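All remarks here apply to the structure that follows.
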Amino acid sequence: MRIGIVSDIHANLEALEAVLAVLRGRGADHFANCGDIVGYGPDPGPCIDIVRGLHGWVVAGNHDYAVLGRTSAAGFNSAAGAAIAWTRKQLTANQQLFLRGLPLTSCCTPLVLVHGSPAAPAAWEYVFTLHDAEAQMDCYSESVCVVGHSHYPFAVERTAGRPARLITERSWELRPDAKYFVNAGSVGQPRDGDPRASCLLYDDRVRRMELLRVEYDVAAVQRKIRSAGLPEFLAVRLASGR
Ligand code: ZN
């Protein structure tokens, strides 16, 4: 089994299609998703339909719940809040029903998926640092916790009896005696300064995880954001990955 892992698609259809093409080309036959299918971007409905059609493991993100009114959007910045209000008007009843059915955590051994943090999945916490990640690593029993939410891809390994370390390799083998905390980054709105879409590929046969970056047609998405009347900031930031 090869699992393509995506997160934070944020209604960016061009990025999602590009990522799925690369993952399928690399042999992905199952898919996992760490939430925030919608919000910010111009194609929430088509992105939901594609994710639903993958029949994979999917958890909810705070934007998915905010569109439904299940999480307050009060803490969102003005561009994010405007996009939530706009997204609400775009979705069919069936698409809303799909979002409503998403759990906060999902397990596809050896992976556990959650949007923010395994310690408090409904609190939408951000985990940015090695120290923060290490504090999360006693909160799940599976070997690997995969998250999204921050839009910064990174990975941490903790082997018994040793301090946790940041993984700097793009591809690494999961050690049987170690635990991992991995952020998949964002498909649709990367914020680490690299505008390419981010995703993971996990090969179960050889226990190897790989972080991938994929180019897509940023200008096409920017045109859609502008013609939808969404905030200009949401178009501009895609080009810089910030
Ligand atoms: Zn997000």
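Regarding the stretch 128-136, can at least one residue be identified that is within 19 Å of residue 7 (Cβ to Cβ), buried (at least 17 other Cβ atoms within 10 Å of the Cβ) and in contact (Cβ under 8 Å) with a residue 12 or more places away in the chain?
Pass one, the stretch 128-136, residues within 19 Å of residue 7 (Cβ to Cβ): 128-129, 132-133, 136.
From the residues that got through so far, the ones that are buried (at least 17 other Cβ atoms within 10 Å of the Cβ) too are 133, 136.
Adding the requirement that they be in contact (Cβ under 8 Å) with a residue 12 or more places away in the chain leaves 133, 136.
Within the stretch 128-136, one or more residues are within 19 Å of residue 7 (Cβ to Cβ), buried (at least 17 other Cβ atoms within 10 Å of the Cβ) and in contact (Cβ under 8 Å) with a residue 12 or more places away in the chain.
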Exercise. Return yes or no: is residue 73 outside any loop (DSSP other than H, G, I, E, B) and either closer than 23 Å to residue 152 by Cα or touching a residue at least 40 places away in the same chain (Cβ under 8 Å) (or both)?
Key: no
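I'd like the full set of residues that are over 18 Å from the mean Cα position of the chain (by Cα) and not in a helix (DSSP H, G or I), limited to the stretch 51-70. Break it down stepwise before answering.
Residues of the stretch 51-70 that are over 18 Å from the mean Cα position of the chain (by Cα), as a first pass: 68-70.
Hits for the stretch 51-70 are 69, 70.
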Practice problem: Could you identify the single residue in 214, 221, 206 that is within 10 Å of residue 15 (Cα to Cα) and surrounded by fewer than 19 Cβ atoms within 10 Å (Cβ to Cβ)? | Solution: 214
Quiz item: Considering the stretch 137-186 alone, what residues qualify as being in a loop (DSSP other than H, G, I, E, B) and within 16 Å of the ligand (Cβ to nearest atom)?
Solution: 148, 149, 150, 151, 152, 153, 184, 185, 186
Exercise. Please enumerate the residues belonging to the stretch 60-79 that are within 12 Å of the ligand (Cβ to nearest atom) and either at pLDDT 95 or above or surrounded by 24 or more Cβ atoms within 10 Å (Cβ to Cβ) (or both).
Key: 60, 61, 62, 63, 64, 65, 66
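Kindly indicate the residue of the stretch 14-31 that is more than 16 Å from the ligand (Cβ to nearest atom) and hydrophobic (A, V, I, L, M, F, W, C) and also surrounded by the most Cβ atoms within 10 Å (Cβ to Cβ) among those meeting that condition.
So in the stretch 14-31, the residues more than 16 Å from the ligand (Cβ to nearest atom) come out as 14, 17-18, 20-31.
The next check asks that each one be hydrophobic (A, V, I, L, M, F, W, C); those that pass are 18, 20-23, 28, 31.
On the way: 18: 19, 20: 20, 21: 12, 22: 19, 23: 22, 28: 25, 31: 23.
So, considering only residues that are more than 16 Å from the ligand (Cβ to nearest atom) and hydrophobic (A, V, I, L, M, F, W, C), the one surrounded by the most Cβ atoms within 10 Å (Cβ to Cβ) is 28.
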Quiz item: more than 14 Å from the chain's Cα centre (by Cα), within 16 Å of the ligand (Cβ to nearest atom) and of a type in the set (Asp, Glu), is that true of residue 43?
Solution: yes
Self-check item: Pair list, Cβ < 7 Å and 6+ apart or interchain, from the stretch 163-184 residues that are closer than 19 Å to residue 139 by Cβ and touching a residue at least 40 places away in the same chain (Cβ under 8 Å) to residues that are small (Gly, Ala, Ser) and part of a loop (DSSP other than H, G, I, E, B)
Solution: 174/143; 179/143; 183/148; 183/150; 184/7; 184/148
Exercise. Test residue 105 against the stated conditions and say whether it is among the β-branched types (Val, Ile, Thr), touching a residue at least 40 places away in the same chain (Cβ under 8 Å) and on the phi < 0 side of the Ramachandran plot.
Key: yes
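The values are calculated or read from the model by the stated rules, or taken from the named source; none is laboratory data. Note that the coordinates shown come from a computational prediction; the quantities given were computed from them, not determined experimentally. All Cβ positions, even for glycine, are placed from backbone atoms using ideal geometry, and neighbour counts span all protein chains on display.
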